[in-house]
Amino acid sequence: MAVRGYFRSPYHDEPWIESHLDIRDREGNHLPGYGWIFPKHNHLNVGVFSIYPTRSIQSDFRRFMSWYRILDKPSDVRYLGFSIPWKNTRQEFQRDNILLVGDAAGFAESFYGEGIYFALKSAVIAAKALSASFDRPRDKEFTRLVKAELHADLLYSELNARMFYPIQGFGFYRMVRSQHVNYYFSELIAGGVGHKECFYKTLLTSPYWLFSNHLTPYSGDRF
Ligand SMILES: Cc1cc2nc3c(=O)[nH]c(=O)nc-3n(C[C@H](O)[C@H](O)[C@H](O)COP(=O)(O)OP(=O)(O)OC[C@H]3O[C@@H](n4cnc5c(N)ncnc54)[C@H](O)[C@@H]3O)c2cc1C
């Protein structure tokens with residue numbers, strides 16, 4: 001589930017905005033998800049993502065905004081929100097002459113809730129499957145290709161989410177501040193590291209980031 005707002009702000013042309021973008025409930029407990037603030041054109045793009053379905057996403061979003069001085073009293077706010085389908089529990093991607101791609105097939109990854117790459121990639125796979133077996137839908141070529149080309153990323157993104165979100169307070173404190181872990185998870189977004197590599201490298205380097213004193217300093221300030 002994700003909700004996002006766009007609004008005009010004097011901070012729209014900042015080169016970057018840096019913060020600890022965790023989301024919390026009313027009591028201050030970490031919620032499984034994260035928030036974002038992107039400067040873009042003449043506005044800020046602000047939002048929150050929750051890995052689990054939640055009825056409180058709008059209040060989580062308002063609470064997130066209320067923590068940041070730069071998000072105070074926004075004008076011209078335009079809100080958008082929708083569920084992010086990160087799991088196709090039935091593992092059914094095609095029937096007769098119908099192929100499901102993108103969100104319709106449940107192809108969003110679980111850690112960041114990103115679905116654009118998977119929507120585009122599954123469309124490419126659908127085109128490949130159609131050109132290979134257009135008149136033989138019973139061959140289930142599309143399903144075979146989805147399992148071969150998408151399944152590992154989706155599975156390991158779920159494992160990354162299951163590793164991080166249940167210990168999110170600790171995760172933000174230690175994993176995000178570890179240069180190694182931070183690098184792997186940032187590169188996931190940039191496309192430099194796959195979900196599987198990120199999962200295993202984070203696990204294999206755990207003695208280092210669990211016990212190291214070399215953590216990026218964090219003042220706890222919200223700007
Ligand atoms: C708030 C929010 C923030 C997000 N941020 C990110 C992000 O930063 N990065 C990322 O990778 N993913 C993000 N996602 C997820 C991403 O938007 C989706 O996973 C992705 O857009 C899925 O693409 P799609 O083509 O499958 O579906 P969609 O983008 O939903 O496209 C489906 C299209 O079909 C149209 N449609 C529906 N019904 C009909 C009909 N009957 N006839 C004709 N047209 C129809 C819809 O209007 C829509 O245009 C975010 C999602 C949300 C809700």
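Extending 7 Å from Cα along the Cβ direction at VAL124 and again at TRP67 yields two label points whose distance is 3.6 nm. Extension gain for THR205 to ARG55 (0.36 nm times residue separation, less C-alpha to C-alpha distance): 50.4 nm.
With q set to 0.17, 0.22 Å⁻¹, the log10 of I(q)/I(0) for region 100-223, from the Debye formula over equal scatterers at the Cα positions, is -0.87, -1.21. Comparing mean-square fluctuations of ARG78, ARG63, ARG24 from a GNM of the chain with C-alpha springs under 10 Å, the top value falls on ARG78.
Cross-link partners for LYS73 among the lysines, with Cα-Cα distance under 21 Å and sequence neighbours closer than 8 places in the same chain left out: LYS40. The calculated FRET efficiency for SER133 paired with LYS196, based on their beta-carbon distance and R0 = 30 Å, is about 0.60.
With one equal scatterer per alpha carbon and no solvent term, the Debye-computed log10 I(q)/I(0) for region 157-211 at 0.18, 0.26 1/Å reads -0.52, -1.12. The C-alpha radius of gyration of region 2-82, expressed as a fraction of 2.2 N^0.38 Å, stands at 1.04.
Spin-label model, ASN42/TYR117: points 7 Å from Cα along the beta carbon direction are separated by 3.3 nm. As a ratio to 2.2 N^0.38 Å, the alpha-carbon radius of gyration computed for the chain takes the value 1.14.
Compute the relative contact order of region 157-211 as a whole-number percentage, counting only Cα pairs closer than 8 Å that sit 6 or more residues apart in sequence. After rounding, I find 38 percent.
Cross-link partners among lysines for LYS121, C-alpha distance below 20 Å, same-chain residues fewer than 8 apart left out? Partners found: LYS87, LYS140, LYS147, LYS196. Each listed q (0.14, 0.15, 0.24, 0.28 Å⁻¹) maps to a log10 I(q)/I(0) for region 94-149, found by the Debye formula over equal Cα scatterers with no solvent: -0.35, -0.40, -0.89, -1.13.
Just so you know, all these numbers are worked out from the coordinates, no wet-lab data involved. Please read all numbers here as calculations on a predicted model, not as lab measurements. Note: ideal-geometry Cβ built from the backbone for every residue, glycine included; neighbour counts use all protein chains shown.
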